[in-house]
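The values are calculated or read from the model by the stated rules, or taken from the named source; none is laboratory data. All values derive from a computational prediction rather than experimental measurement. A quick note on method: Cβ atoms are made from the backbone with ideal geometry, for glycine too, and the neighbour counts reach across all protein chains shown. Just so you know, the surface numbers come from the protein's heavy atoms only, side chains and all, with ligands and any DNA or RNA stripped out. Shrake-Rupley method; radii C 1.70, N 1.55, O 1.52, S 1.80 Å.
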Amino acid sequence: MQEIPVFNPASPEGKAISDLFLAVLVICGVILAMISGLVAYSLVRSRARPGAGEPRQVFGNRRLEVIWTVVPFLVLVWIFALTVQAMRISDPAAVQSPDLTVIGHQWWWEIRYAKSGVVTANEIHIPFGERWLVRLESADVIHDFWAPQLARKMDIIPGVTNHIWLQADKPGSYLGACAEYCGAEHAWMRFLVIAEPPGEFAAWATHQAQSAPAPATGPQERGRQLFVQMTCVNCHPIRGVATLVDAAPDLTHLASRRTLGAGVLQNTPAELTRWLKNPQAIKPDCKMPNLNLTDAQVHDLVSFFESLQ
Ligand code: CUA
């Protein structure tokens, strides 16, 4: 069961949800076994046998009726108490200003840090051991933020601001996903929560806050020019190059991230090349069109993007 994230919690909030799930699973399992057993017993005991007449007919039984009303009621009260307890741990009141804002887009995640001003996509870095308050917003439709090992699920609703506590007890990378159907590429709306020692996290944040490095080679420079001249710049910001809009993932430090397309590809030069040649072949219906780039253009763009460490 260690492989199933919900049975392998890594924070007090995640553990509360996991414990509740396990308790309800066991309670329901016992009830299922009891009912199946009674049905099987009745089938065998009252089966048709040669020479046997009708079995004894029963019309009402006060004591049994009281039992099968009171016992389920008590079981429901028990589950209610367990649920309230899990909610108390996993969803305490948000009394401070958020540490970071996560904005759900079709089909990727925009991450904005309150203190450092860092903007990134699909990869949330936090210092392990600290409880961070996350504000959740939507840019378009209803999404749902779910990192099963770390926190409860929380819907992201246009026009409504929700909050969640995000925390990891130990360093590691934890998979998260959108858990509310939000269109064609809902399944490829994944994210990583990377919990690091506080020193490593601070170094990451300082680096991410910097503008993109200047191109150092010919291909990198040509790639930068293509980025500005083609339609890329109409959606993607790169600090230090062009920040017109943030309709698509911020690429300022693209090369430092682990995945592309919200988890659909590993972030390697070969996969980035495949992506740029035709994103629609890899993530159909995603907002990035096939730009029909030539092999030379793709090569220069990959050189430029790989320099964005
Ligand atoms: Cu976003 Cu499903």
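Which angle from 0 to 90°, rounded to the nearest 10, does the C-alpha axis of helix 218-229 make with the longest principal axis of the chain?
70 degrees
Quick one: accessible surface of THR83, probe radius 1.4 Å, all protein chains present, in square angstrom to the nearest 10.
40 Å²
Treating the angle as unsigned and between 0 and 90°, give the value, to the nearest 10°, between the Cα long axis of helix 198-209 and the longest Cα principal axis of the chain.
Compared with the principal axis, the helix lies near 50 degrees.
Quick check: net charge around ILE103, other residues with Cβ under 11 Å of its Cβ, Lys/Arg +1 and Asp/Glu -1?
On the way: positive: ARG112, ARG135; negative: GLU110, GLU137, ASP140, ASP246.
Once all neighbours under 11 Å are counted, the net charge is -2.
Short version: what are the Cα gyration tensor semi-axes of the chain, square root of 5 times each eigenvalue, largest first, in whole Å? Please report the intermediate quantities before stating the final value.
Numbers: eigenvalues 550, 112, 50 Å².
Here the semi-axes work out to 52, 24, 16 Å.
Run the numbers on the chain and let me know its relative contact order in percent, using alpha-carbon pairs under 8 Å that are six or more apart. Intermediate results must be reported in sequence, preceding the final value.
Values: 537 pairs, mean separation 48.6, N = 309.
Here the relative contact order equals 16 percent.
Count charges around ALA10 for me, please; just the other residues with Cβ under 12 Å from its Cβ, Lys/Arg as +1, Asp/Glu as -1. It would help to have the intermediate numbers written out before the result.
Values: positive: LYS15, LYS170; negative: GLU13, ASP169.
Charge balance near ALA10 sits at 0.
Apply the a/c threshold of 1.5 to the C-alpha gyration tensor of the stretch 1-97 and tell me whether it is rounded, prolate or oblate. Don't skip to the end; give the middle numbers.
Numbers: a/c = 7.52, a/b = 2.35, b/c = 3.20.
Oblate shape, in that a/c is at least 1.5 and b/c is the bigger or equal ratio.
Pairs of Cα atoms under 8 Å, at least six residues apart: use those to get the relative contact order of the stretch 100-208, whole percent.
Values: 262 pairs, mean separation 32.5, N = 109.
Dividing the mean separation by the residue count of the stretch 100-208 yields 30 percent.
How much of LEU43 can a 1.4 Å solvent probe reach, expressed as accessible area in Å² and rounded to 10?
Around 120 Å² of this residue is reachable by solvent.
Ordering PHE80, PHE305 by accessible area with a probe of 1.4 Å, largest first, what comes out?
On the way: PHE80 140, PHE305 10 Å².
The most accessible residue leads, giving PHE80, PHE305.
Where only protein heavy atoms count, and the probe is 1.4 Å, what is the accessible area per residue for the chain in Å²? All intermediate terms of the calculation are to be shown ahead of the outcome.
Values: 16680 Å² over 309 residues.
Result: 54 Å² per residue.
Return the Rg/Rh ratio of the stretch 218-306 with Cα-based radii and a Kirkwood Rh. Walk me through the numbers before you get to the answer.
On the way: Rg = 11.9 Å, Rh = 13.1 Å.
A ratio of 0.91.
Rounded to the nearest 5, what % of the DSSP beta bridges within the stretch 100-208 are antiparallel ones? Each step should come with its number before you reach the end.
Details: 25 of 35 bridges.
Restricted to the stretch 100-208, the bridges split so that about 70 percent are antiparallel.
May I ask you to give the percent of accessible area on the chain that is carbon plus sulfur, with a probe radius of 1.4 Å?
Numbers: 10300 of 16680 Å².
Carbon with sulfur: 62 percent of the solvent-accessible area.
So, counting K/R as plus one and D/E as minus one, what does the shell of residues with Cβ under 12 Å around PRO55 add up to?
Details: positive: ARG45, ARG47, ARG49, ARG56; negative: GLU54.
It works out to a net charge of +3.
Under the rule of -39500 (n - 2.57) per DSSP H run of 4 or more residues, summed and divided by the residues of the chain, what mean residue ellipticity at 222 nm is obtained, to the nearest 500 deg cm²/dmol? Before the final figure, lay out the partial values.
Values: 7 runs with 112 residues, N = 309.
It lands at -12000 deg cm²/dmol.
If I model a spin label as a point 7 Å beyond the Cα along the Cα-Cβ vector, how far apart are those points for LEU244 and VAL6 in nm?
Here the modelled spin labels are 4.4 nm apart.
Less than 12 Å apart at the alpha-carbon level, and either on another chain or at least 8 residues along: which aspartates and glutamates does that give for LYS287?
Within reach: GLU185.
Keeping all protein chains in the complex and leaving out DNA, RNA and ligands, what accessible area do you get for PHE73 with a 1.4 Å probe, in Å² to the nearest 10?
130 Å²
Under a plain spin-label model, where a point goes 7 Å from the Cα along Cα-to-Cβ, how far apart in nm are VAL75 and GLU200?
Modelled inter-label distance: 4.6 nm.
With loop defined by DSSP as not H, G, I, E or B, and exposure as at most 10 other Cβ atoms within 10 Å, which is the longest segment of the chain clear of exposed trypsin sites (Lys or Arg not before Pro)? List each step's numbers first, then the result.
Values: sites that count: ARG47, ARG56, LYS115.
It works out to 116-309.
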